[in-house]
Amino acid sequence: MASLAVPLSILLLFAILSNTFADPDPLQDTCVADLSSSVTINGFVCKPSNNVSANDFFFDGLKNPGLVNNSLGSLVTRANVLMLPGLNTLGVSLARVDFAPGGVNPPHTHPRASEIIFVLKGKLDVGFITTANVLISRTIKVGEVFTFPRGLVHYQINKGAGNAAVIAALNSQLPGIQFIAETLFAASPPVPDKVLAKAFQIGTMEVDNIKSGLAPKN
Ligand code: GLV
Ligand code: MN
């Protein structure tokens, strides 16, 4: 019996860890999100099954390039549980990122997902930074794939002369995103200037200059 105790405890630990590192496993075939429910749980409550249809599992918002008309030169279109309620409890989602020439999807993290991208069009420089502050980066082009580990800061920039586009798959129904610049300089209420001045070793006037260029996003 004693010889079983160790493997079982390791299995249990593994089960706990695997639930810690990804969306929880589903407990039924489908649990289409009732996005209008006022009940708050981890995820969304399920719609009654007699209200479920194929449309709950369908989304055509990624088939066309998004209109890129911002100063970053990139646009992310997401297919997560908020657009595709059938994804609730399934632990996956997609996004499409379109880039104008020179456009950048600026440094950001996904707190709940790793990400893998497939290049639909163009050529991009992509990279992520490890917790040891090592930049892992390279150029990728049509048909190629690159991966960003969960929680690590990463970016993509269009390196070609024309437009570029990627499809991103993420192992969460709602990966979450924090753009580093906005998180620090456009939070509401604001992160105190003194904190940012010390962290970045700059003056508070420079902090205010950066803040004024980044409007709060709620
Ligand atoms: C993908 O990188 C996204 O911004 O959701
Ligand atoms: Mn990303």
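Please tell me if residue 146 is aromatic (Phe, Trp, Tyr), within 15 Å of ligand 1 (Cβ to nearest atom) and in contact (Cβ under 8 Å) with a residue 40 or more places away in the chain. Outline the logic, then answer.
Values: aromatic (Phe, Trp, Tyr): yes; within 15 Å of ligand 1 (Cβ to nearest atom): yes; in contact (Cβ under 8 Å) with a residue 40 or more places away in the chain: no.
For residue 146, the condition - aromatic (Phe, Trp, Tyr), within 15 Å of ligand 1 (Cβ to nearest atom) and in contact (Cβ under 8 Å) with a residue 40 or more places away in the chain - is not met.
Of the residues making up segment 91-115, those that are farther than 17 Å from residue 62 by Cβ, open to solvent by 10 Å² or more (accessible area, probe 1.4 Å) and more than 14 Å from ligand 2 (Cβ to nearest atom) are 91, 100, 101, 102.
The criterion of at least 2 residues that are within 30 Å of residue 60 (Cβ to Cβ) is met by none of the helices (runs of 4 or more DSSP H) wholly inside segment 116-218. Within segment 50-71, residues that are surrounded by 11 or more Cβ atoms within 10 Å (Cβ to Cβ) have Cβ atoms under 9 Å from residues that are of a type in the set (Asp, Glu) in these pairs: 65/98; 66/98; 68/98, counting only partners at least 6 apart in sequence or on another chain. When restricted to residues that are near ligand 1 (Cβ under 10 Å from one of its atoms) and not β-branched (Val, Ile, Thr), segment 89-130 contains 10.
Sort out which residues of segment 146-190 are away from ligand 2 (no atom under 14 Å from the Cβ) and open to solvent by 60 Å² or more (accessible area, probe 1.4 Å), and write them in order of number. Matches in segment 146-190: 159, 161, 163, 188, 189, 190. The set of residues from segment 174-196 being under 13 Å from the mean Cα position of the chain (by Cα) and either more than 14 Å from residue 150 (Cβ to Cβ) or among the hydrophobic types (A, V, I, L, M, F, W, C) (or both) comprises 174, 177, 179, 180.
Do we have residue 78 as free of Cβ contacts under 8 Å to residues at least 24 places away in the same chain, surrounded by 16 or more Cβ atoms within 10 Å (Cβ to Cβ) and either among the acidic types (Asp, Glu) or under 20 Å from residue 172 (Cβ atoms) (or both) here?
Details: free of Cβ contacts under 8 Å to residues at least 24 places away in the same chain: yes; surrounded by 16 or more Cβ atoms within 10 Å (Cβ to Cβ): yes; either among the acidic types (Asp, Glu) or under 20 Å from residue 172 (Cβ atoms) (or both): yes.
Criteria met by residue 78.
Taking segment 132-171 as the range and being out of contact with any strand residue (DSSP E or B) (no Cβ under 7 Å at 6 or more places or on another chain) and of a type in the set (Val, Ile, Thr) as the test, only 134 passes.
The values are calculated or read from the model by the stated rules, or taken from the named source; none is laboratory data. This one's a predicted model, so the numbers in the text were calculated from it and none came from an experiment. With ideal geometry, Cβ positions are generated from the backbone for all residues, glycine too; neighbour counts draw on all protein chains shown. Only protein heavy atoms, including side chains, enter the accessible area calculation; ligands, DNA and RNA are left aside. Shrake-Rupley method; radii C 1.70, N 1.55, O 1.52, S 1.80 Å.
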